[in-house]
């Protein structure tokens, strides 16, 4: 199973949403994307695949980031976050 995390424009900034946690709002798209990537790494660290999808203001997909459990093996995410 892949946990998907979405970064998308919101009326007052940028939202980060996914199943399993409350939506978060940020004024900065960069901060929203950074938070989404950190969440993906934590999810992968727990053994699940995670995918971040970043959408532009026009709704189009700007990019995606996939994090696999093996890609974070050995990382100390507590120290990095």
Discussion item. Can you compute the radius of gyration and Dmax for the chain, using only the Cα atoms, both in Å?
Written reply: 12.5, 39
Worksheet item: Helix 29-45 versus the longest principal axis of the chain: what is the Cα-based angle in degrees, 0 to 90, to the nearest 10?
Response: 30 degrees
Worksheet item: Working out 0.36 nm times the residue gap between residue 57 and residue 12, then minus their Cα-Cα distance, what length gain in nm do you get to one decimal?
Response: 15.0 nm
Worksheet item: Under the rule of -39500 (n - 2.57) per DSSP H run of 4 or more residues, summed and divided by the residues of the chain, what mean residue ellipticity at 222 nm is obtained, to the nearest 500 deg cm²/dmol?
Response: -7500 deg cm²/dmol
Practice prompt. Could you please rank 56, 27, 39, placing first whichever residue has the fewest other Cβ atoms within 10 Å of its Cβ?
Written response: 27, 56, 39
Practice prompt. Sort 21, 6, 45 so that the residue with the fewest other Cβ atoms within 10 Å of its own Cβ comes first and the one with the most comes last.
Written response: 21, 6, 45
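Quick note: the coordinates plus some simple rules give every number you see, no bench work behind them. Since we're looking at a predicted model, the values are computed, not measured. For neighbour counting, all protein chains shown are included, and Cβ atoms are generated from backbone atoms with ideal geometry for every residue, glycine included.
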